[in-house]
Amino acid sequence: MSFLERKNLYRIELTEVCYYPPISRFSVPMPSFESVKKNGNWGSIPSGTKGWVIEKYGKKYFRPDENQEGIDLFTPADQPIVLIPYSKISGHYKKISEKE
């Protein structure tokens, strides 16, 4: 595997709310008030969010699935694909499956 390739390690579901504020709070559109009221604070990853733990650039990241409820709380509106450092979710998830 090349250093630049992405490798899916396992699928997870978050069991607790994790906080991951967006990198730039000034140029990123905020989520709707309905979404914040229903799913939690802006910059929080709601429990129940599913995705992959991946390895890229020699480090582990969480890559949430697109089109989930509450994903707008921690991703830019025009780009729902983000890589969140593994340290932000470590210990707050359960494994769903091992490989694709």
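Readers should treat all values here as calculations from the given coordinates under stated rules, not as data from a laboratory. None of the values given here were measured: they were computed from a predicted structure. Cβ: placed from backbone, ideal geometry, glycine included. Neighbour counts: every protein chain shown.
Packing-wise, with mean Cβ within 10 Å as the measure, how do 56-63, 89-96 rank, highest first?
Working: 56-63: 15.2, 89-96: 13.8.
By packing density, highest mean first, the sequence is 56-63, 89-96.
Cβ under 11 Å from Glu5's Cβ, Glu5 left aside: what net charge do those residues give with Lys, Arg +1 and Asp, Glu -1? If you can, show how the numbers build up before the last one.
Numbers: positive: Arg6, Lys7, Lys56; negative: Glu55.
Net charge around Glu5: +2.
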Exercise. Non-local amide H neighbours of Tyr93 (under 5 Å, H modeled in plane, Pro and chain starts lacking H): which ones?
Worked result: Thr15
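How far, in nm, would the chain grow between Lys94 and Leu4 when pulled straight, counting 0.36 nm per residue and subtracting the alpha carbon separation?
Numbers: separation 90, 0.36 × 90 = 32.40 nm, distance 2.70 nm.
Between Lys94 and Leu4, full extension yields 29.7 nm more.
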For this session: Tell me which residues come under 5 Å, amide H to amide H, from Ile45 once H is placed; ignore anything under 5 positions away on its chain.
Result: Cys18, Tyr19, Tyr20
